[in-house]
């Protein structure tokens, strides 16, 4: 590979990344390992190096190579260093935790949210394995109201020795979902019964603000609504445009919740999900909340999906009641909807 010129090298990198995007993980991993072992890699900009290493970690974690995957995930913090400026401004002596062996007796750890809201819900469960090993707190965020133990929440990084983004918790613990799959930690608030009127409904969330590729175009839902007209669907997506609303209004088996989550982020969604029969969702916070609540969830997954969901598996190692319906090719939701109709 070092016999390549720089143009050939960059072309090889792009082809390797494209293989990952097309779902050819094993081939992409072989190529990307060649990429980072070459002399050319050292000449790339730091952000480009970090991007490639993060991609490698995603592939390794997806394929179940957890030790190697978490080792490469270490580089993730360098790419996200701009996110903890506020924490560092409050305490310029606080250090980023790279390895659990760095912690000394009586040290204090501050955990903060650097990812999406679904990541927050998913990663909080790892506190169960840390909470008795070190004095820790969670930095206040838009999701704090869903956390059961309010004493864990702080708004200042002063007096903390270490800090860590919540997405790094499984790395610190070297998490392997095939070995560490039992989570009994009740870290979210107790659901209330306000939405029991929806107990015979099926919750449906078909889009997410964070990713267009994860979202399902509403037009693909027509076949589902027609063929399953005996099912009462409760839409848990928001921010509909006029065409979307016009389309959805055609079906009598669809309901909405007025002013959904207006008072607090996901507060209505959380309680609705605890009440419905089961859930259909794309990869967003809704699927993680339903997983926490133990609800049956048909997960409509784009290709490629997050490493959370493994590679080609139909069941989730993290959430036993999840059934994964994957795109067979990137962007193809038709077969996903057809598979869903057969199952529900």
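Going through the stretch 20-50 one residue at a time, which ones are more than 24 Å from residue 74 (Cβ to Cβ) and in a helix (DSSP H, G or I)? Residue satisfying the conditions is 27 alone. The criterion of being over 16 Å from the mean Cα position of the chain (by Cα) and over 25 Å from residue 223 (Cα atoms) holds for residue 268. Applying the set (1) under 22 Å from the mean Cα position of the chain (by Cα); (2) assigned to a helix (DSSP H, G or I) to residue 114 leaves exactly one unmet item: (2).
Name the single residue that is nearest to the chain's Cα centre (by Cα) among those in the stretch 19-35 being surrounded by fewer than 17 Cβ atoms within 10 Å (Cβ to Cβ) and under 22 Å from residue 306 (Cα atoms). Top of the filtered list is 21.
Residue selection: residue 127 satisfies the criterion of being in contact with a helix residue (DSSP H, G or I) (Cβ under 9 Å, 6 or more places away or on another chain), in a helix (DSSP H, G or I) and surrounded by 15 or more Cβ atoms within 10 Å (Cβ to Cβ). Residues in the stretch 164-181 that are touching a strand residue (DSSP E or B) at 6+ places or on another chain (Cβ under 6 Å) and either assigned to a helix (DSSP H, G or I) or surrounded by fewer than 21 Cβ atoms within 10 Å (Cβ to Cβ) (or both): 166 only. Listed conditions (1) crowded, with 17+ Cβ neighbours inside 10 Å; (2) in contact (Cβ under 8 Å) with a residue 40 or more places away in the chain; (3) in contact with a helix residue (DSSP H, G or I) (Cβ under 6 Å, 6 or more places away or on another chain) are all met by residue 75, apart from (2). Every listed requirement among (1) within 23 Å of residue 294 (Cβ to Cβ); (2) surrounded by fewer than 19 Cβ atoms within 10 Å (Cβ to Cβ); (3) in the same structural domain as residue 225 (by TED's automatic domain parsing) is met by residue 201 save one, (2). Across the stretch 197-250, the number of residues qualifying as out of contact with any strand residue (DSSP E or B) (no Cβ under 8 Å at 6 or more places or on another chain) and assigned to a loop (DSSP other than H, G, I, E, B) comes to 16. Does residue 311 count as under 17 Å from the mean Cα position of the chain (by Cα), within 23 Å of residue 62 (Cα to Cα) and at pLDDT below 95? Judged against the criteria, residue 311 is a match.
Please tell me if residue 55 is assigned to a helix (DSSP H, G or I), touching a residue at least 60 places away in the same chain (Cβ under 8 Å), outside the structural domain of residue 214 (by TED's automatic domain parsing) and surrounded by 14 or more Cβ atoms within 10 Å (Cβ to Cβ). Judged against the criteria, residue 55 is not a match.
The values are calculated or read from the model by the stated rules, or taken from the named source; none is laboratory data. Every value quoted in this text rests on a predicted model; they were computed, and no experiment measured them. Heads up, the Cβs are rebuilt from the backbone with ideal geometry, glycines too, and the neighbour counts pull from every protein chain shown.
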